[in-house]
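Q: Quick one: the structure is below, questions incoming.
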């Protein structure tokens with residue numbers, strides 16, 4: 001009786017056996033492939049440019065991906081839940097403006113940051129309400145709020161940049177703990193938190209179940225709507241955190257800040273192997289995806305590739321990442 | 001004279017289960033040939049092969065005297081064969097006329113002649129005697145009208161062979177009459193018609209020849225001359241079917257489900273029933289008879305009205321699945337791939353889906369408690385898998401169904417278990433185990449409500465059963481009376 005679990009199936013399982021061999025994924029091989037890509041890029045750029053493989057430049061790479069990294073960690077969960085959030089760049093801009101406005105009007109920076117994060121959560125709640133309450137496709141919702149929140153950023157700032165001079169922001173941008181900038185630690189902390197949540201909490205598993213099969217999840221008694229809503233709220237909150245970090249790094253809050261970041265974030269998540277149809281994806285691999293993007297951008301800059309071409313490369317990478325994902329799954333747009 | 005369509009030794013297996021076994025079949029031009037069989041007898045597989053959706057493992061299909069290897073539905077259509085499917089396959093946003101002539105629009109240099117589309121659509125609709133506006137968008141029509149459009153589309157192609165799969169399921173009597181007239185007209189034009197239906201009266205009226213499939217083989221094939229209902233029912237179900245196997249006497253506990261005047265839209269009308277602890281109560285009906293809607297209403301996932309309802313101390317039906325589960329109900333859906341499992345997730349993830357929060361502390365999972373519960377469930381439900389980390393998609397149907405059952409009852413506090421078609425697509429061994437598990441649950445004082453269109457299943461496990469016919473409870477029977485043939489004859 002105790003060995004029932006490992007007993008070879010006595011019943012004929014011909015069709016299902018062949019099906020499982022065909023559809024079986026090899027996570028290790030796939031992970032390895034992703035790491036190899038990263039290593040190949042590092043080696044390639046090291047050969048191509050003497051400045052690439054230096055401590056200060058590698059720190060640069062990390063610092064430059066911190067902002068999309070913070071967003072990408074949560075975007076992984078959003079995609080796993082079967083949704084999408086294209087409004088993260090705009091939310092970052094609104095949060096940046098809110099934070100800077102409060103700081104220059106005399107608020108304590110920490111309090112200003114907190115209000116900025118709450119603003120992000122509120123923006124995420126707007127997305128979540130439209131998706132869950134109004135039952136609109138998340139792609140459509142966040143294309144709408146992509147424009148809506150961007151507009152709010154311009155209205156709040158009256159279209160002007162706001163300089164950020166507070167010591168908190170400077171600390172965020174320039175201070176280092178254990179060789180790494182605070183921003184980088186923050187990004188790693190967000191990744192660690194999301195990784196822990198996805199793996200070790202019931203809420204995390206609910207996200208996977210809801211994305212994998214919402215109907216089954218609902219019948220199993222999982223709070224499908226609440227899960228979707230909260231994931232959108234969390235995405236808005238980390239987008240706001242990214243906005244605060246962006247303020248600190250650039251020294252000013254700009255209403256047009258973080259334009260187009262949603263595409264980079266999405267690219268990083270998809271490179272990491274998260275499925276566009278929900279239910280599958282790992283935060284750790286998103287981090288590798290983020291690093292790949294960071295290395296490519298940094299390497300191209302070192303090689304003086306004009307930024308227009310970098311934009312072209314970014315777009316190509318997004319399509320390539322999705323093509324790889326679907327080839328692996330044997331699915332596609334039909 | 002050669003037949004319009006003929007098969008010789010047609011065979012098809014799915015994963016070791018032979019769904020269709022060496023079927024010889026002959027369909028003549030100008031003939032209405034009815035194909036009958038219980039759910040799961042192999043009708044759909046057989047028709048799937050004839051219409052190019054499935055490819056046979058062995059045997060041959062001969063169309064118009066020529067051996068044909070059908071590679072796709074389009075290939076079958078090219079050979080003059082059309083199928084009207086049970087599920088409507090129409091383009092909702094397009095107009096009736098566009099749907100009828102879809103893919104065959106009269107056009108000159110890619111410019112579609114809309115007026116010709118309209119005239120030709122009207123001509124086809126007139127042949128059907130249907131009063132449907134050709135300019136209306138299909139999605140605005142009633143299901144019955146959509147069914148007529150679907151049939152019109154098939155007829156517009158002037159097929160030599162026409163398959164009709166349950167064409168009258170959605171139609172009202174006058175529309176059925178019109179369809180019968182159209183069939184007679186098509187017949188006189190030499191069209192060969194394969195007619196699949198559950199409605200015996202209708203089949204006996206319209207068919208020239210009747211063939212019955214049972215367990216994938218032809219058990220009966222004769223011209224329809226003075227055939228009786230009984231002859232056909234016996235051919236469908238087998239005469240020797242035992243009228244319920246011996247079962248241990250059940251000890252009934254308190255009545256925990258009492259429903260009166262349950263009405264669900266137009267599908268279910270004024271239905272009442274009760275169920276007590278310790279019994280398995282069956283709800284038998286043909287596919288589409290309304291029994292699945294009753295199951296869903298009971299679990300709170302389909303809006304319904306009741307005159308009075310009492311379920312586990314609740315004085316009404318639950319409002320949603322979460323409330324039902326919190327009250328001690330569990331639901332095993334009919335479609336395990338779409339509603340039961342997250343196929344991409346692991347066996348363990350699926351098994352723990354319902355119970356996970358109860359094994360955690362403040363939302364933080366406990367690996368040891370989870371592993372222990374998974375091992376318990378795997379053993380209790382005898383799930384055969386290489387590892388509980390394997391994806392649910394890698395298992396056979398029977399083992400998948402055991403996971404659904406295990407997942408929904410994993411809390412150990414299930415008082416009312418609602419099961420829909422619990423052994424559909426499940427092999428015999430796993431069927432027996434699933435029945436054994438139901439018995440185990442009722443022995444612990446749970447109530448099982450089994451909603452099924454499989455008469456053998458209801459006869460094998462239920463202590464008593466209601467027959468649901470067209471949205472109403474037609475009759476109620478004790479265990480001694482239950483047999484598949486009896487139930488089917490009551491539900492037809």
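Q: Counting residues in the protein assembly as shown as N, plug N into 2.2 N^0.38 Å and put the Cα Rg over that result.
A: The protein assembly as shown yields a ratio of 1.11.
Q: Quote the relative contact order of chain B in percent (integer), defining contacts as alpha-carbon pairs under 8 Å separated by 6+ residues.
A: Here the relative contact order equals 15 percent.
Q: Considering the Cα positions of region B:264-341, please state its Rg to one decimal place and its Dmax as a whole number of Å.
A: 12.6, 34
Q: Shifting gears a bit: Sum -39500 (n - 2.57) across every DSSP H segment of at least 4 residues in chain B, then divide by the residue count to get the 222 nm mean residue ellipticity, nearest 500.
A: -9500 deg cm²/dmol
Q: Within region A:252-295, what residues put their amide N at less than 15 Å from the label point 7 Å along the Cα-to-Cβ vector of residue A:161?
A: Once the point is set 7 Å along Cα→Cβ of residue A:161, A:252-259 turn out to lie under 15 Å by backbone N, inside region A:252-295.
Q: Any chance you could run the full-extension gain for residue B:338 through residue B:358? It's 0.36 nm times the residue separation minus the Cα-Cα distance, nm to one decimal.
A: Contour length minus Cα-Cα distance gives 4.7 nm.
Q: For region A:71-124, take N as its residue count and report Rg(C-alpha) divided by 2.2 N^0.38 Å.
A: Here the Cα radius of gyration is 1.29 times the empirical estimate.
Q: Which value results for Rg/Rh of region A:94-176 when Rg is the Cα radius of gyration and Rh the Kirkwood radius based on the inverse mean 1/r?
A: For region A:94-176, the value is 1.07.
Q: Then there's this: Roughly speaking, what is the centre-to-centre gap between region A:304-327 and region B:261-309 when only Cα atoms are used, to the nearest Å?
A: Here the answer is 55 Å between Cα centres.
Q: Say R0 is 56 Å: what FRET efficiency, to the nearest 0.05, do residue B:480 and residue A:129 get from their beta-carbon distance?
A: Result of the calculation: an efficiency of 0.50.
Q: Can I ask one more? If you take the Cα atoms of chain B, find Rg, then find the Kirkwood Rh from the mean of 1/r over all pairs, what is Rg/Rh?
A: Using only Cα positions, Rg/Rh for chain B is 1.00.
Q: Kindly provide the helix-only [θ] at 222 nm of chain A, computed as the sum of -39,500 (n - 2.57) over DSSP H runs of four or more divided by all residues, to the nearest 500 deg cm²/dmol?
A: Mean residue ellipticity, 222 nm, calculated: -24000 deg cm²/dmol.
Q: For residue A:180 and residue A:324 in the same chain, what is the full-extension length gain: residue separation times 0.36 nm, less their Cα-Cα distance, in nm?
A: Gain in length upon complete extension: 48.6 nm.
Q: Measure off 7 Å from each Cα along the Cα-to-Cβ vector at residue B:188 and residue B:228, then give the distance between these two points in nanometres to one decimal.
A: Inter-label distance under the simple model: 3.4 nm.
Q: Another question, then. Which order do peptides B:74-81, B:251-258 fall in by mean Cβ count within 10 Å, highest first?
A: B:74-81, B:251-258
Q: Same structure, new question: If you rank B:331, A:309 by fewest surrounding Cβ atoms within 10 Å, what's the result?
A: Sorted ascending by nearby Cβ count, the order is A:309, B:331.
Q: While we're here: For peptide A:193-206, what's the mean number of Cβ atoms from other chains within 10 Å of each residue's Cβ?
A: Shielding by partners across A:193-206 averages 4.
Q: Report relative contact order for chain A in percent, whole number only (criteria: Cα-Cα under 8 Å, sequence separation at least 6).
A: Relative contact order comes out at 31 percent.
Q: Now for a different question. Which three extents, in whole angstrom, do the alpha-carbon atoms of region A:200-334 cover along their principal axes, largest first?
A: Extents along the principal axes: 55, 38, 27 Å.
Q: Please report the equivalent ellipsoid semi-axes of region A:134-199, computed as sqrt(5 x eigenvalue) of the Cα gyration tensor, largest first, in whole Å.
A: Taking √(5λ) for each eigenvalue gives 30, 25, 7 Å, largest first.
Q: Determine, from the Cβ-Cβ distance of residue A:37 and residue B:135 and an R0 of 56 Å, the FRET efficiency 1/(1 + (r/R0)^6), rounded to the nearest 0.05.
A: Computed FRET efficiency for residue A:37 and residue B:135: 0.50.
Q: Let me ask something additional. Would you mind giving the mean number of other chain beta-carbons within 10 Å of the Cβ of each residue in B:394-407, as a whole number?
A: Mean inter-chain Cβ contacts per residue within 10 Å come to 3.
Q: Taking the mean number of other Cβ atoms within 10 Å as a proxy for protection, how do you rank A:131-142, A:76-87, B:42-53, A:41-52 from highest to lowest?
A: Ranked from most to least packed, the peptides come out as A:76-87, B:42-53, A:131-142, A:41-52.
Q: Rg to Rh ratio, region B:367-475, alpha-carbon atoms and Kirkwood radius?
A: On the Cα set of region B:367-475, Rg over Rh gives 1.00.
Q: Could you check the simple spin-label distance between residue B:181 and residue A:301, using points 7 Å along Cα→Cβ, in nm with one decimal?
A: According to this spin-label approximation, the distance is 7.9 nm.
Q: Please give the FRET efficiency for residue B:312 paired with residue B:119, using the beta carbon to beta carbon distance and R0 = 56 Å, rounded to the nearest 0.05.
A: E between residue B:312 and residue B:119, to the nearest 0.05, is 0.35.
Q: Here is a follow-up. Counting only other chains, what is the mean number of Cβ atoms within 10 angstrom of the Cβ of each residue in peptide B:380-386?
A: Per residue, the number of nearby Cβ atoms from other chains is 4 on average.
Q: Highest mean first, how do A:283-295, A:108-120 rank when packing is the count of other Cβ atoms within 10 Å averaged over residues?
A: A:283-295, A:108-120
Q: Zone of residue B:8 (label point 7 Å along Cα→Cβ, backbone N under 12 Å): which residues in region B:49-80?
A: B:59-63, B:65-68
Q: Something else about it: DSSP beta bridges in chain B, what fraction antiparallel, as a percent rounded to 5?
A: Taking every DSSP beta bridge within chain B, about 55 percent pair in antiparallel fashion.
Q: What shape does region A:115-241 have by the C-alpha gyration tensor, where a ≥ b ≥ c are the square roots of the eigenvalues, rounded means a/c under 1.5, and otherwise prolate means a/b greater than b/c and oblate the rest?
A: Because a/c hits 1.5 or more and a/b fails to exceed b/c, region A:115-241 counts as oblate.
Q: Another question, then. In 5 Å bins starting at zero, report the fraction of Cα pairs in region B:307-427 per bin as a rounded %.
A: The distribution over region B:307-427 is 2, 11, 21, 22, 19, 13, 7, 3, 1, 0, given as percents.
Q: Order by neighbour count: A:154, B:299, fewest other Cβ atoms within 10 Å first, most last.
A: Least to most surrounded, the residues fall as A:154, B:299.
Q: Hey, could you get me the Stokes-Einstein D for chain A, Kirkwood radius over alpha-carbon pairs, 37 °C and 0.692 mPa s, rounded to whole µm² s⁻¹?
A: Answer from the Stokes-Einstein relation: 156 µm²/s.
Quick note: the coordinates plus some simple rules give every number you see, no bench work behind them. Since we're looking at a predicted model, the values are computed, not measured. Here Cβ is always computed from backbone atoms with ideal geometry, including for glycine, and neighbour counts include all displayed protein chains.
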